Amino acid sequence: MGFFLDFAGDQMAEKPTYKQLEQKLRELEKEAELRRHAEASLRKNEERYRALFENNPVETVTVDRGGRVTEYNQARRTAGRRPPKIGDVMYKDYASRHQIDMHNELMECIRLGQSRKYPEMRYKDEYLSINISSFHGGAIITSSDITHRKHAEEERERLINELQQALAKVKRLSGLLPICSSCKKIRDDSGYWKQIEAYIRDHSEAEFSHGVCPECARRLYPEIFENP
């Protein structure tokens, strides 16, 4: 009988007091308030992320750690090319014709936790600028179509090459030319005197065709120009 009384007494001694219950209630209310604030902050962050993701003008696709597409944004949906399907393995089931094995590049980024850039990636008849950024749940892939810019750069390089080739064929005469006031020969850089025709031909693209001006013709052939 004494054992049971002692046990009951121990149980009553362990019963929390009103103040302890009140303190515990305040702690629970504070914890609940903190949780509400955290959830509200999380919702705001999710809304901000969703707005940034959807309204980002750059085509964006997210994948899980297996490389499977989980979502993509408005820019990707309206890019003019077929969008991926949710669950497609990126760069295998979808967009698999790049000049390198992009699926392997993606999986390495995810496995190593890396980010990589591919500023001029050839895809079919297009050029894309691709960025892969890994995170704990997979990776975010952004891509921009730079085909027009690439073609403009190629056209510019072509025009520059043509201009350089044209300039290489052009020889220019410049500076002071030492010329004999009597015979009109010109002294070259080696000190030799050359006929003016030969000097100009060697230092330009000009060619000469010989004729006789009217004044010289009268002097050389007076019989032809005598008055009848």
Within the range 199-219, how many residues are closer than 26 Å to Ala166 by Cβ and exposed (fewer than 14 other Cβ atoms within 10 Å of the Cβ)?
7
For the range 104-120, give me each residue that is farther than 17 Å from Glu59 by Cα, touching a strand residue (DSSP E or B) at 6+ places or on another chain (Cβ under 7 Å) and surrounded by 15 or more Cβ atoms within 10 Å (Cβ to Cβ).
Glu105, Cys109, Ile110
For the range 82-91, enumerate the residues that are of a type outside the set (Gly, Ala, Ser) and exposed (fewer than 15 other Cβ atoms within 10 Å of the Cβ).
Arg82, Lys85, Ile86
Checked Ser134, Ser144 against criteria (closer than 30 Å to Leu112 by Cα, in contact with a Gly (Cβ under 9 Å, 6 or more places away or on another chain) and at pLDDT 80 or above); the one match is Ser134
Leading residue by the ranking (farthest from Cys109 (Cα to Cα)) among those in the range 55-84 that are of a type in the set (Lys, Arg) and modelled with pLDDT of 95 or more
Arg68
Just one of Ile130, Ile110, Ile140 is outside any strand (DSSP E or B) and assigned by TED's automatic domain parsing to the domain that holds Gln74; which is it?
Ile110
Does Gly138 meet the test of being surrounded by 11 or more Cβ atoms within 10 Å (Cβ to Cβ), at positive phi and within 52 Å of the chain's Cα centre (by Cα)?
yes
Give me a count of the residues in the range 50-106 that are aromatic (Phe, Trp, Tyr) and outside any strand (DSSP E or B).
2
Determine which member of the set Ser190, Ser144, Ser182, Ser209 is closer than 30 Å to Pro84 by Cβ and among the polar types (S, T, N, Q).
Ser144
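The values are calculated or read from the model by the stated rules, or taken from the named source; none is laboratory data. What you see is a predicted model; the values in this text were computed from it and never measured. Here Cβ is always computed from backbone atoms with ideal geometry, including for glycine, and neighbour counts include all displayed protein chains.
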